[in-house]
Amino acid sequence: MSDLSITLKKIRERHNITIAKLSELSGVGSGTIGDIETGKNKSTIKTLDKLSKALNLNDDERSELFSSFVPKDIG
């Protein structure tokens, strides 16, 4: 499991939003969200932006989510 998958799931659960509800709010398929959270699929910046807006993330949460997208050996 990647840092991104763990971070996205943790933030989503902190906001008490199901995958189905996040899918509805963001326009991202629930299968895609599930795959990101289980590490089966990587995300794009565009998808993360949609998810962060749907979750109404504050600046700290947004930074947490996007920083988990960058591989450790690059950042």
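The values are calculated or read from the model by the stated rules, or taken from the named source; none is laboratory data. What you see is a predicted model; the values in this text were computed from it and never measured. Ideal geometry is used to build each Cβ from the backbone, glycine not excepted, and the neighbour counts take in all protein chains shown. Please note that ligands, DNA and RNA were not included when accessible areas were found on the heavy atoms of the full protein model with its side chains. Shrake-Rupley method; radii C 1.70, N 1.55, O 1.52, S 1.80 Å.
Of everything in segment 49-62 that is in contact (Cβ under 8 Å) with a residue 24 or more places away in the chain and part of a helix (DSSP H, G or I), the residue that is surrounded by the fewest Cβ atoms within 10 Å (Cβ to Cβ) is Lys53. Number of residues in segment 18-41 that are buried (at least 19 other Cβ atoms within 10 Å of the Cβ) and not in a helix (DSSP H, G or I): the value is 1.
Which condition from (1) surrounded by fewer than 18 Cβ atoms within 10 Å (Cβ to Cβ); (2) over 10 Å from the mean Cα position of the chain (by Cα); (3) under 17 Å from Phe66 (Cα atoms) is the one that Ile6 breaks? Answer for Ile6: the failing condition is (2).
Looking at Leu65, is it under 14 Å from Lys10 (Cα atoms), open to solvent by less than 30 Å² (accessible area, probe 1.4 Å) and either of a type in the set (Ser, Thr, Tyr) or not in a helix (DSSP H, G or I) (or both)? Steps first, please.
On the way: under 14 Å from Lys10 (Cα atoms): yes; open to solvent by less than 30 Å² (accessible area, probe 1.4 Å): yes; either of a type in the set (Ser, Thr, Tyr) or not in a helix (DSSP H, G or I) (or both): no.
Criteria not met by Leu65.
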